[in-house]
Every structure is written in C-alpha cells, then in structure tokens.
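Heads up, the thing below is written out as structure tokens.
Computed from the coordinates by the stated procedures, all read-outs in this text should not be read as laboratory data. All values derive from a computational prediction rather than experimental measurement. Counting neighbours? That spans all protein chains shown, and the Cβs are built from the backbone with ideal geometry, glycine included.
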C-alpha cells in the first residue's frame, strides 16, 4: 500500500495529467478508507466479480485504499446500490449508465475499448448453428431471449431494430420471450437449445468463447447492429475529484498490463464523458416513439 505522502504525490501527478476542475483543492486525505466497486452481471454475478479483480487490485496498488467488489443479480441492483451510496464506482453498460446518470448520480470516467482499440462493440442476434435459423425471417415463431431491461445490446438495440428496421412487435413475432438475466446465460441458452434465438453482443460472446464455455462454431449471427459506445467505468459524481481522477489513472495503467487485460477480456480503456452516451439516449427516445405508433 502507498504511504500518505505517496498518495498525495499520485494526486499531484494526476492534477497535471488529467486537469479536472477543482482537483487541486482536493487531496487523498478526503478519500474513504474503503471503496466499493460494482459490476453489472453481464456474464452472471460470479464471473463478473472475477473479472473485476484486476481493477480492484490496480486501485488498491495505486490509490492505497481497500477495494470491495459488489455484484447483484440484475443491472437494476447495481444502479440502486449506487443511488443509495452503497457503491462508489461501477461498471455499467451504455444504457444502464444513462439510467444510473439520471437516478444514481453516476459519472462516466473511462470507456472500455475492444481488442482492436475501437471504442465500442456491436449487438448481435444469434441462433444455434444446427437450428436451421439463418435469418430473422426464419426466427419468426421461435423462442427469443433478451438479457435485462437495462441492457443496451440485450434489450434496447434489438428493440430498435425490431421496430425501426423490421416493423415488427417482438411479442407477436416470436412464440415466447424470456429475460435470461445476463449475456452469458443467453449465449448458453442458445447453445443448449432451451432458447432458439437471443440478443447479445460480440464482446460477451468473445468472452464466453475465450473461457471455453462455448465455441464460435456453435452459433450463427443472424443480425448485427451498428457500433455501440463502449461500456463505461463510472464514479458517483459526489466523490472527491481527486479520487475520480486517480481512479481514471489506475484504469488507464491497466492498458499496459497484459495479464489484467487477459482477465478483463478487453482492449483497455480511454477517457470518456457523458456526451458520448447521447446516442443511447436518442435510441431510448426512438424506441419509445416507435412503440407509440
């Protein structure tokens, strides 16, 4: 752990590096002794907690504070935890971030990039390769899974595709609709045949492939979205500015840590701001407008 002097040095360096407003007037002495880091359950709570460990370790090493990882069974659980100040930082998806910004005083700090360095990912709709379902037309009358109502690629984006591009009501188009709770659960449900078609995304699909839970050859992608902004790592806006800047600095240092990136199964992080997620707010408004027609 860093000494108090070392922590002050880190803050001073971050003042120069990030130049965030008000940083010079806040120091490490105002930081809590323990900070709590929340992760939405994109793969399920246990896997999300495992993936959070490199971030927690980097925060402890650089910030000199104890970090506790917090998970929940739903995206809403993480939003509620931040709203009630039970967590200080959180990994959200783009849609759940916009909800958390409104309801939980969340502030986007850095954005996840993919392994090609792109600041985003794509939503995909998948079927099992041997199912005979190779198009959205053939998916009609089949069982379908969303992930969570607060998911971007697992709910918002496919609903916009259904209403805007296909002009269909998924409740009428599919035989049955379920919410799986996580991208990992949706992917496994398609693999084992309990669900025939599901909405997920390329990043979580790659994570499931890399850990050996599924194989790329198990699936067919029958629909793919445009690029979605990368998932943000967020802070409660009322935290000390110096702590938020140090948090950003710790995450950016992960970019140079291959072992941490391997566990996180991502390409690293880049600076972001709330405005980067205005496209998600637009999609939410569009979904609402299309539903009223």
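Once the Cα atoms are used to define both axes, helix 183-192 deviates from the longest principal axis of the chain by about 30 degrees.
Within 10 Å, count the other beta carbons around each residue, average over each peptide in 85-96, 219-230, and list them highest first. The partial results should precede the final answer.
Working: 85-96: 24.8, 219-230: 18.5.
Going from most to least packed, we get 85-96, 219-230.
Calculated from the alpha-carbon coordinates, the range 172-237 shows an Rg and a Dmax of 13.8, 43 Å respectively. Here the gap between residue 103 and residue 206, fully extended at 0.36 nm per residue and compared with their Cα-Cα distance, gives a gain of 34.0 nm. For the chain, the fraction of alpha-carbon pairs lying more than 26 Å apart is 44 percent, rounded to a whole number. Look at the alpha carbon pairs under 8 Å that are at least 6 residues apart: their mean separation over the length of the chain gives a relative contact order of 28 percent.
Between the Cα long axis of helix 241-253 and the first principal axis of the chain there is an angle of about 60°, rounded to the nearest 10.
By DSSP, the beta bridges lying fully in the chain are antiparallel in about 60 percent of cases.
Whole number please: convex hull volume per residue of the Cα set in the range 121-228, in Å³? Could you put the intermediate results ahead of the total?
Numbers: hull volume 9.2 nm³, N = 108.
Once divided by residue count, the hull of the range 121-228 is 85 Å³.
When a/c is below 1.5 the answer is rounded, else prolate if a/b is larger than b/c, else oblate, so apply that to the range 172-293 with a ≥ b ≥ c taken from the square roots of the Cα gyration tensor eigenvalues. Oblate, because a/c is 1.5 or more while a/b does not exceed b/c.
Rounded to the nearest 10 degrees, the angle from helix 45-63 to the longest Cα principal axis of the chain is 20 degrees. A protection proxy built from the mean count of other Cβ atoms within 10 Å ranks the segments 207-213, 163-169, 78-84, most packed first, as 78-84, 207-213, 163-169. Extension gain, residue 175 to residue 217: 0.36 nm times the residue separation minus the Cα-Cα distance gives 12.6 nm.
Could you check what % of the DSSP bridge pairs in the range 121-228 are antiparallel, to the nearest 5?
On the way: 12 of 18 bridges.
So the antiparallel bridges in the range 121-228 amount to around 65 percent.
Among 157, 67, 197, the largest mean-square fluctuation in a Gaussian network model of the chain (Cα springs under 10 Å) belongs to 67.
Find the relative contact order for the range 121-228 and round it to a whole percent, using C-alpha pairs within less than 8 Å whose residues are 6+ positions apart.
Numbers: 204 pairs, mean separation 51.3, N = 108.
Computed value for the range 121-228: 47 percent relative contact order.
Spin-label pair residue 66-residue 86: with each label point 7 Å from Cα along the Cα-Cβ axis, the two points sit 1.9 nm from one another.
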